[in-house]
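So the structure is just underneath, and the comments pick up after that.
The values are calculated or read from the model by the stated rules, or taken from the named source; none is laboratory data. The structure displayed is predicted, hence computed values, not measured ones. Here the Cβ is made from the backbone with ideal geometry for all residues, glycine too, and neighbour counts use every protein chain on show. Accessible surface areas use protein heavy atoms only, side chains included; no ligands, DNA or RNA. Shrake-Rupley method; radii C 1.70, N 1.55, O 1.52, S 1.80 Å.
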Amino acid sequence: QVQLVESGGGSVQAGGSLRLSCEDSGYIASSYCMGWFRQPPGKGREGVAAIGTDRRTRYADSVKGRFTISQDNAKNTLYLQMNSLKPEDTAMYYCAADACFRWYSNWYSRSLNPSKYRNWGQGTQVSVSS
């Protein structure tokens, strides 16, 4: 069973940085697609960044050039480095994983769609003040 645990959230001022971590149960390794998603207060969940099994990445336009997704399989950990944070980045951040074999041929168009991921962490809160 896949288990995901996020950490690293907190409160920062605009322009600051945070690094989120997502540790998995060790059964994912390089065979799962993974992603970071966020849910701002009162809004739906949206894709932020994704990484495929071949390490290709994709970012939401709103975070391109500011956020970096990376993966350390030896540590069973997914990261999201967030720089130049803005108040509009305030949200609960979730990591997600999916075996993705059913949709990997369309990875680029589907990787930021929350409905494609079947395994989720509990979330970590990020708050950015102006």
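What number, rounded to the nearest 500 deg cm²/dmol, is the helix-based mean residue ellipticity at 222 nm of the chain, given -39500 (n - 2.57) per DSSP H run of at least four residues and division by all its residues? All intermediate terms of the calculation are to be shown ahead of the outcome.
Working: 1 runs with 4 residues, N = 130.
Taken over the chain, the calculation gives -500 deg cm²/dmol.
Could you give the size of the charge dipole of the chain about its Cα centre, using +1 on the Cβ of each K and R and -1 on the Cβ of each D and E, expressed in debye and rounded to the nearest 20? Mind dumping the intermediate values first?
Details: 15 positive and 10 negative charges, 62 e Å.
Roughly 300 debye for the chain.
What is the packing order of peptides 47-54, 89-96, taking the mean over residues of other C-beta atoms within 10 Å and listing the highest first?
Details: 47-54: 20.5, 89-96: 22.6.
Result, highest mean Cβ count within 10 Å first: 89-96, 47-54.
Lys86: which lysines have alpha carbons under 25 Å from its alpha carbon, excluding same-chain residues fewer than 8 sequence positions away?
Those lysines meeting the cut-off are Lys43, Lys64.
Taking only protein heavy atoms and a 1.4 Å probe, what accessible area per residue, in Å², does the range 1-75 have with all protein chains in place? Let's see the in-between values first.
On the way: 3870 Å² over 75 residues.
I get 52 Å² per residue for this part.
From the backbone phi of the range 71-79, what are the Karplus-calculated ³J(HN,Hα) couplings (6.51 cos²θ - 1.76 cosθ + 1.60, θ = phi - 60°) in whole Hz, Gly and Pro given as x?
9, 10, 5, 5, 9, 6, 10, 9, 10
Quote the relative contact order of the chain in percent (integer), defining contacts as alpha-carbon pairs under 8 Å separated by 6+ residues. Write down the numbers at each step before the final one.
Numbers: 310 pairs, mean separation 46.3, N = 130.
Over the chain, the number comes to 36 percent.
Run the quick spin-label model on Ser31 and Asn83: label points 7 Å from Cα toward the beta carbon, then report their separation in nm to one decimal.
Spacing of the two 7 Å Cα→Cβ label points: 3.5 nm.
Take the Cα pairs of the chain, get the Kirkwood Rh, then feed it into Stokes-Einstein at 20 °C and 1.002 mPa s and tell me D in µm²/s.
On the way: Rh = 14.4 Å.
Here the translational diffusion coefficient equals 148 µm²/s.
Among Val48, Ser105, Gln81, pick out the residue whose Cα is farthest towards the positive end of the charge dipole of the range 1-123, where Lys and Arg carry +1 and Asp and Glu carry -1 on C-beta, about the Cα centre.
After comparing all options, I get Ser105.
If exposed trypsin sites (Lys or Arg not before Pro) are those in a DSSP loop with at most 13 other Cβ within 10 Å, what is the longest stretch of the chain that has none?
On the way: sites that count: Lys43, Arg55, Arg56, Lys64, Arg102, Arg118.
It works out to 1-42.
Tell me, what % of the accessible area of the chain is carbon and sulfur with a 1.4 angstrom probe? Present the calculation step by step, with values, prior to reporting the outcome.
Numbers: 2810 of 6370 Å².
Result for the chain: 44 percent of the exposed heavy-atom area is carbon or sulfur.
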